[in-house]
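The values are calculated or read from the model by the stated rules, or taken from the named source; none is laboratory data. Everything numeric in this text was worked out from a predicted model, so none of it was measured. Every residue, glycine as well, gets a Cβ built from its backbone with ideal geometry; the counts of neighbours run over all protein chains shown. Keep in mind that these areas ignore ligands, DNA and RNA; they rest on the heavy atoms of the full protein, side chains included. Shrake-Rupley method; radii C 1.70, N 1.55, O 1.52, S 1.80 Å.
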Amino acid sequence: MAHPPSLTSPVTHPDGALDPRVAPDLPPSAGAHPLSGAAQGVARLALVVVLAGLGLWVLHHFIPALVWAVILAIALGPLYARAERRWPPGGHNIALPALFTAGVALIFLIPLVVLGVQAAREAHDVAGWVRSFEKTGIPVPDLLGHLPFGAAQAQAWWAETLSHPAAGSELLQHFDKSAVLGATRSLGAEIVRRTVLFGFSLVALFFLFRDRRTVVAQVLTASAKLFGPRGERVARQMVASVHGTVNGLVLVGLGEGVLLGIVYFFAGVPHPVLLGALTAVAAMIPFGAPLVFALAAAFLLANGAVVPAAVVVAAGLVVTFVADHFVRPALIGGTTRLPFLWVLLGILGGVETFGLLGLFLGPAVMAALILLWRDFTYGAEIEEPRA
């Protein structure tokens, strides 16, 4: 009696050919022609490139938020590690990352709320000034009477051009209300977009805090596999650059804002707190603070306060000179072993290319390039930067 063919054994015809109706139990590689090792490497590389490109395309709107989260995690890393040693995380490891993330959110949101309230008050005052200007014109400022020459002619021109009610109506007619409305809508949309990105940065920052040990280990392992021992050194150099930039730009900028805010208060500058905050933000960018304290001096000059204006300018020049020529080079260059010229070029070029992110990305890139250059020229391992 003939037995049916087994599904696990090949069935052949009398001529020796395999029966195509029955699938033999062959190994997966049987009948395949695998590529050579070099071809497989090229195929894997092409797959990685394609997937990386797709990933960047999917996330390109959120890449700035992710970079900000990484920068904040690096900048606050030593403080977080100290807190983690003081209060070891439990099994869930949620409380400490949430606390630090909430602290970062408050650091950014509280000044913005204060500035928003102050701006709303200023907008109310400006609206009242515009209505007054439309009715009575702009009175001749006292500053024109203190000009060293041409004071009488300047006062006469101002009185004839801007100090009568018709001048206000004529100037206001030149404003395009539809353009102002469109600009307001664009500003509102931009604020909403920035708020969403800020929220996404906070979410990413929470997970970076929570999984910091795993992320650091993976980054060091990947850099060692891709670039060898020097890959880890480059990564550490870039981290040290971020630390130095935070200390040299952010902390020094805040110090400049506090000092000049005190000067504004005693000099009688209007809204010294607001101008002090603007000075702190502008001082994070090289040569930015002089624009703000020059504006403060202009407010004083407009009210005829010549001596206080000179005091504000002198104090601003002294504070910025000391900060830019002594404090910042010591903080940034001492941490990264990077000449301040390259720090300055990295900051300015980074800001021009990446915006505010360039404040930190520019010096980090320069620090990595200088490290590679030193390794290439000296041909020996040099001392690692202090992270």
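The set of residues in the range 248-284 that are under 18 Å from V351 (Cβ atoms) and either among the polar types (S, T, N, Q) or open to solvent by less than 50 Å² (accessible area, probe 1.4 Å) (or both) comprises G248, L249, V250, V252, G253, E256, T279, A280, A282, A283, M284.
Of the residues making up the range 37-88, those that are farther than 18 Å from I107 by Cα and not in a helix (DSSP H, G or I) are H60, H61, F62, W87, P88. Being open to solvent by 10 Å² or more (accessible area, probe 1.4 Å), part of a helix (DSSP H, G or I) and more than 15 Å from P111 (Cβ to Cβ) is the requirement here; does F299 meet it? Considered against the rule, which asks whether it is open to solvent by 10 Å² or more (accessible area, probe 1.4 Å), part of a helix (DSSP H, G or I) and more than 15 Å from P111 (Cβ to Cβ), F299 comes out as yes.
No other residue among A217, A235, A204 is assigned to a helix (DSSP H, G or I) and surrounded by fewer than 17 Cβ atoms within 10 Å (Cβ to Cβ) apart from A217.
Considering F321, F287, F293, F326, the condition of being in contact with a helix residue (DSSP H, G or I) (Cβ under 9 Å, 6 or more places away or on another chain), open to solvent by 80 Å² or more (accessible area, probe 1.4 Å) and among the hydrophobic types (A, V, I, L, M, F, W, C) is satisfied by F287 alone.
Quick test for you: out of A309, A302, A315, A387, pick the one residue that is of a type in the set (A, V, I, L, M, F, W, C), modelled with pLDDT under 80 and under 26 Å from Q118 (Cβ atoms).
Numbers: A309 fails: modelled with pLDDT under 80; A315 fails: modelled with pLDDT under 80; A387 fails: under 26 Å from Q118 (Cβ atoms).
Unique residue meeting the criteria: A302.
Taken over the range 184-238, the criterion of being β-branched (V, I, T) and on the phi > 0 side of the Ramachandran plot is satisfied by no residue. Every listed requirement among (1) aliphatic (A, V, I, L, M); (2) in contact with a Phe, Trp or Tyr (Cβ under 9 Å, 6 or more places away or on another chain); (3) under 24 Å from L115 (Cβ atoms); (4) open to solvent by less than 30 Å² (accessible area, probe 1.4 Å) is met by V242 save one, (3). Would you call D375 under 18 Å from G257 (Cβ atoms) and modelled with pLDDT under 85? So D375 does not fit the description; no.
Out of all the residues in the range 92-105, is one or more part of a helix (DSSP H, G or I) and at pLDDT below 80? Checking the range 92-105: not a single residue is part of a helix (DSSP H, G or I) and at pLDDT below 80. G304 falls short on exactly one of the conditions (1) surrounded by 18 or more Cβ atoms within 10 Å (Cβ to Cβ); (2) not in a helix (DSSP H, G or I), and that condition is (1). When P290 is tested against (1) modelled with pLDDT of 80 or more; (2) outside any helix (DSSP H, G or I), exactly one condition is not met: (2).
Pairing residues of the range 370-387 that are more than 13 Å from R236 (Cα to Cα) with residues that are at pLDDT below 60 and exposed (fewer than 13 other Cβ atoms within 10 Å of the Cβ), at Cβ distances under 6 Å and at least 6 apart in sequence or on separate chains, gives R374/I382. Going residue by residue through the range 337-359, is there one that turns out to be open to solvent by less than 20 Å² (accessible area, probe 1.4 Å) and over 21 Å from L251 (Cβ atoms)? No; the residues of the range 337-359 include none that is open to solvent by less than 20 Å² (accessible area, probe 1.4 Å) and over 21 Å from L251 (Cβ atoms).
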